[in-house]
1. May I ask you to list the residues in the range 200-223 that are within 16 Å of Glu262 (Cβ to Cβ) and crowded, with 18+ Cβ neighbours inside 10 Å?
2. Residues in the range 60-92 that are closer than 30 Å to Val118 by Cβ and exposed (fewer than 13 other Cβ atoms within 10 Å of the Cβ): how many?
3. Condition check: more than 21 Å from the chain's Cα centre (by Cα) and touching a residue at least 12 places away in the same chain (Cβ under 8 Å). Does Ala390 satisfy that?
4. Just for strands (runs of 3 or more DSSP E) wholly inside the range 171-240: which have at least 1 residues that are under 29 Å from Ile138 (Cα atoms), aromatic (Phe, Trp, Tyr) and modelled with pLDDT of 85 or more?
5. Can you work out which of the residues in the range 137-164 that are modelled with pLDDT of 90 or more, surrounded by fewer than 16 Cβ atoms within 10 Å (Cβ to Cβ) and not hydrophobic (A, V, I, L, M, F, W, C) is nearest to Phe111 (Cα to Cα)?
6. Please indicate, with yes or no, whether at least one residue in the range 99-111 is in the same structural domain as Lys36 (by the TED database) and over 30 Å from Asp43 (Cα atoms).
7. Go through the residues of the range 314-334 one by one and say whether even a single one is modelled with pLDDT of 80 or more, in a helix (DSSP H, G or I), touching a strand residue (DSSP E or B) at 6+ places or on another chain (Cβ under 9 Å) and not β-branched (Val, Ile, Thr).
Amino acid sequence: MYLFETYLDLRQHAALKLPTLPKTLEGVISQEKFEKSRAYSLDKSHFHFVHEFVTILIDSAILFFGILPWFWKKSGTFLPLLGLNEENEILHTLSFLAGVMTWSQITDLPFSLYSTFVIEARHGFNKQTIWLFFRDLIKGICLAIVLGPPIVSAIIVIVQNGGPYLAIYLWAFMFVLSLVMMTIYPVLIAPLFNKFTPLPEGELRLKIEKLASSLKFPLKKLFVVDGSTRSSHSNAYMYGFFKNKRIVLYDTLIQQCKNDEEIVAVIAHELGHWKLNHTMYSFIAVQILTFLQFGGYTLVRNSTDLFRSFGFDTQPHTVIPLQHLVSFGLNLVSRSFEFQADAFAKKLGYGSALRAGLVKLQEENLSAMNTDPWYSAYHYSHPPLVERLAAIDASDKKE
């Protein structure tokens with residue numbers, strides 16, 4: 001996977017080095033913005049090469065020197081020191097995962113700091129202080145400590161008792177868990193990191209409410225989130241079940257798009273996802289891929305030779321590395337949905353405003369202007385701006 005993805009990275013790096021804009025963006029994106037975007041993208045690309053190379057070296061060393069089976073044994077012997085039973089599989093697994101999480105946080109911290117306070121700051125995006133960075137990190141660790149053990153314990157109990165229907169039971173548990181997390185995350189977890197305030201009364205709010213009403217979208221609340229406290233990147237999204245829908249605008253989006261029509265066009269795109277049932281279809285796709293992944297896990301779990309080949313004399317619980325294929329499959333679905341949502345917004349009469357809004361977001365976020373098609377297809381959940389504008393223009397010509 002490292003060799004394949006590095007090949008794609010090299011293709012993308014070559015595309016980023018191109019000194020001219022794609023023809024579709026000539027006269028649309030200013031040369032100044034293009035140069036800034038190019039410098040930002042190349043900085044991130046160089047950093048990515050270093051990060052991935054160091055990561056593969058560490059991972060290879062861990063496998064070659066048998067660190068995982070060694071630590072699996074050590075994590076069990078650590079439990080009696082706390083007065084706990086080392087034969088308890090749940091406690092043993094939690095002890096092992098705690099060590100792995102600690103190691104992961106330590107090794108990744110220098111890269112996170114450099115990315116945030118050097119690269120993002122160099123290009124004017126980072127707005128957070130070092131204190132806020134570590135406060136978010138500590139909150140994330142605390143959440144993992146609170147939520148992780150019960151989830152891991154439940155999975156182990158299911159594996160121990162699942163029998164021939166293990167894949168179905170695991171999928172059912174993850175299905176329920178995903179519904180619970182989708183419910184509590186925006187209400188309980190997201191506010192721990194950001195401040196959500198109602199969008200003030202005014203013309204923008206009236207336009208969004210009018211649009212939602214025309215589509216019979218059950219808009220319950222309309223929020224602005226203080227994304228500017230951490231970054232000047234911008235976005236908008238919606239969430240909620242059934243008749244309890246919410247729309248969230250980043251304050252940076254409002255600051256960057258001076259024209260209300262551009263913001264409303266972006267919201268029209270998001271509402272297109274709802275109207276076209278993309279959220280439901282995406283959720284179903286995730287569930288199917290998750291079930292296939294657990295089916296693969298049940299096959300791997302029965303191969304004791306595989307575990308012995310990695311140095312384990314006992315059989316820990318693993319999830320086979322299908323994440324790359326799962327992510328690629330979801331990206332294909334997501335990209336198709338983005339084109340459909342753009343077309344939906346255009347049908348509502350927001351074609352030119354959406355086009356202007358997409359260009360504005362591309363400029364302000366300094367997103368890559370030149371992209372390699374293979375890299376884009378594999379990594380991007382959203383099509384590049386060139387493809388989205390071409391699709392909007394193509395529909396114009398067809399009409």
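1. Selection gives Leu204, Ile208, Leu211.
2. The qualifying residues number 2.
3. yes
4. By residue number, 196-198, 219-225.
5. Gly140
6. Yes - at least one qualifying residue is present in the range 99-111.
7. no
The values are calculated or read from the model by the stated rules, or taken from the named source; none is laboratory data. Computed from a prediction, not measured in an experiment: that's the story for all the values here. No Cβ is skipped: glycine too gets one built from the backbone with ideal geometry, and neighbour counts run over all protein chains shown.
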